[in-house]
Structures are given as structure tokens and as C-alpha cells.
């Protein structure tokens, strides 16, 4: 919601202007009724009120051409009324503020000067050219110009202050998100250490003990069960180490590009898969966006190792319109994205869902391009200033 502390002030000034116009219009009506009661003058007063009220619709439309037309119609009706009722000249004072508010910067003061001349001429026609008939409109125009210019300057300063406050609030939200992300990273690192020091170490010890038991009594009838238990412990240890790698990504201290290079190189050596790298610098991205892209690349490569049976993979990072696009491709067995998550598909639906949630949090787009037998591509595009 916009932060506009001066909005009540501006609303009060506009309300005061409307009240002034209505009060002067009532004064003109009373003057007409006390004198000749001209039907034409009363009709012009009614027309002036209707045209003025039409300004509410013009303000909602926010179209400059409609504003010009409204001001022109209001001035024409007022000028006709002034030639019949001299007191209608006082209505020029609220009209001054309308000109300065509705018309562009140069046209507004010119309209004030023009209507001041009309007011002086009307006073001269009705009562002759007098000092009061000249000084009064001129002083009123000068005061209106000063107040109008001050109002415009105050409105500009208010808009600048509103933009500054909005930027500060957005910065606060980004900092809070970064702090949350850092907390998540710290917790993941702690979990990685705990798994390494407890589960992984325990499974490694179990595997070694079972291997020793297998060698000590290789001819025992139960050695097949021991061998199966050892293989199960080995599989559990491999999964635990994979969890540790996913929980503790490469450091982003040197930027996202070097982190992706280290990740892809280490993954390719470990899995025996050739990895093509096409990574550009992405230092302009916020830290949470860099972390998200690194996590997504890590998850995509993990899925490739677990399901794809690929012989080659590719990791590409390019800058696009101030944002970034990450592509992870493999030449594996592929899958049907529409059935991802089915037991028969063999895909990691949770991993894909986690990627999609990360991308949606940053207002980005995730595209999964795959089909059975023709590999898979994960394409992530983050906009400029993703946070």
C-alpha cells in the first residue's frame, strides 16, 4: 500500500477549493434573485455547476485532453455569466487554482493571466474602470499563482518522499529475505555437518564391520545376508553423502559463475559424466537469486545422476535483460513432464516442485523440456532485480 502521509493535506485543500466554488456560486444565485431574477443568468449558473461537477469524471479518467476540454467549457460558461452578473467575477479565484492544477506548467499561468484580463474588463463594463477593479483581480491572480506554485512544489516533494519511502521499504524487505535465506543456509550447513558426523559415520562403520565379518567367515551359510546388509549400508552411505552435498553447496563468495563451475566439475568427476560449461558472470544478481540458481542447478544435476543415465550434460548461465537464464541439459533417457511424480516415471517430483517454488518466489519462469528417449532440459529465467 502506498505510503502517502500528505494525502490528507491535499484532500483537504481540494475540499476547501470545492467549498469556495460552491459558496461563491450560491452568492451569485442570491445576487440574481435580489436583482432582476434573470432566467438566462440562472440557467448559466446551473450550467456552470453541472460543468464543474463533471470535473469529477474527468479526474477519474486521467486524460489530459478531457482536462483541457473541461477547463475550456468551464471558462466559457463563466465568461458568459460574468457579462450578466458582475459578482460572478469572484468565481475566477477558484478557477485560478483549477488552471494551475489541471493545465500544463506554462498553460496554467497563461490561463490565469487571460481570465484576470476578462475579470478586469467585466468590472469595467459594469461599473467603469476603477483602481479596485484592476488591483483586486491582479492581487488575486498573484496570490493564486504563489499558492498554486507552492502547492505544485509540495506535491513534487511529496511524490519524491513517497518514492524514497517505497524504496526504503523494498530494501527492508530484501534485507529481511536475505537474512532469512542466510538463516536457511546456516541451518542446512548445520544439518549437513550433523548427518556427516552421525549418520554417515555410523553407516561407514557398519559397512566396515560387515565387510570384516564377510571376510572372516566367507564360507558361512549366512554370508549372503551379511553381504546384502553391507551393500544396503553402502547404498545408505551413498545417499547420506548425496544429502550432505545438496545441503552444503559450493561457496558463492566468488560469484555464481565460479560456484557453478566448481559444482559441475566436481559432479562430472564424481559421476563420470562429461559436462559442458557455458557460464557468464552474474554478480549483478541479488544473493538470494544466485543461491536459488545454484540450488536449482544442484538439484537438476542430482536428478540427472539418479535417473537420467546420461553420458553428457551441459550447464549454461547467460545474462538476459538485466536478469539471468540457467539451463541444465542432459542426453539421458528423459521423461514425460506431465507424469513426473508417478511411480513408473522414475523422476524426482519433489525436486521439480522445489525448483518451481524457488522460481515462483523470485517471479521467474521454469520450463521443463523432456520426453522419453531424448534427454531433458531445465530452463530457469529470473527477471532483473529478482528478490
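The values are calculated or read from the model by the stated rules, or taken from the named source; none is laboratory data. Just so we're clear, the structure is a prediction, and the values are computed from it rather than from any experiment. Quick reminder, even Gly has a Cβ in these numbers, built from the backbone with ideal geometry, and neighbours come from all protein chains shown.
Kindly indicate whether any position in segment 100-112 is surrounded by 17 or more Cβ atoms within 10 Å (Cβ to Cβ) and free of Cβ contacts under 8 Å to residues at least 24 places away in the same chain.
no
Spot the failing condition for residue 169; the list is (1) within 30 Å of residue 96 (Cβ to Cβ); (2) surrounded by 11 or more Cβ atoms within 10 Å (Cβ to Cβ), and only one is missed.
Here residue 169 meets the rest and fails (1).
Regarding segment 78-85, can at least one residue be identified that is surrounded by fewer than 20 Cβ atoms within 10 Å (Cβ to Cβ), modelled with pLDDT under 85 and closer than 23 Å to residue 153 by Cα?
no
Please find, among 219, 239, the residue that is more than 27 Å from the chain's Cα centre (by Cα), more than 20 Å from residue 383 (Cα to Cα) and assigned to a helix (DSSP H, G or I).
239
Report whether or not residue 318 is over 27 Å from residue 191 (Cα atoms), surrounded by fewer than 19 Cβ atoms within 10 Å (Cβ to Cβ) and out of contact with any helix residue (DSSP H, G or I) (no Cβ under 9 Å at 6 or more places or on another chain).
Yes.
Scan the strands (runs of 3 or more DSSP E) fully inside segment 248-346 and keep the ones with 1 or more residues being within 27 Å of the chain's Cα centre (by Cα) and at pLDDT 80 or above.
Correct list: 312-320, 323-330.
Evaluate segment 201-219: report whether one residue or more is closer than 30 Å to residue 292 by Cα and out of contact with any helix residue (DSSP H, G or I) (no Cβ under 9 Å at 6 or more places or on another chain).
Yes, segment 201-219 contains a residue that is closer than 30 Å to residue 292 by Cα and out of contact with any helix residue (DSSP H, G or I) (no Cβ under 9 Å at 6 or more places or on another chain).
Based on what the data block shows, is residue 122 surrounded by 13 or more Cβ atoms within 10 Å (Cβ to Cβ), assigned by TED's automatic domain parsing to the domain that holds residue 98, under 30 Å from residue 102 (Cα atoms) and in contact (Cβ under 8 Å) with a residue 40 or more places away in the chain?
Taking the combined requirement at face value, the residue satisfies it.
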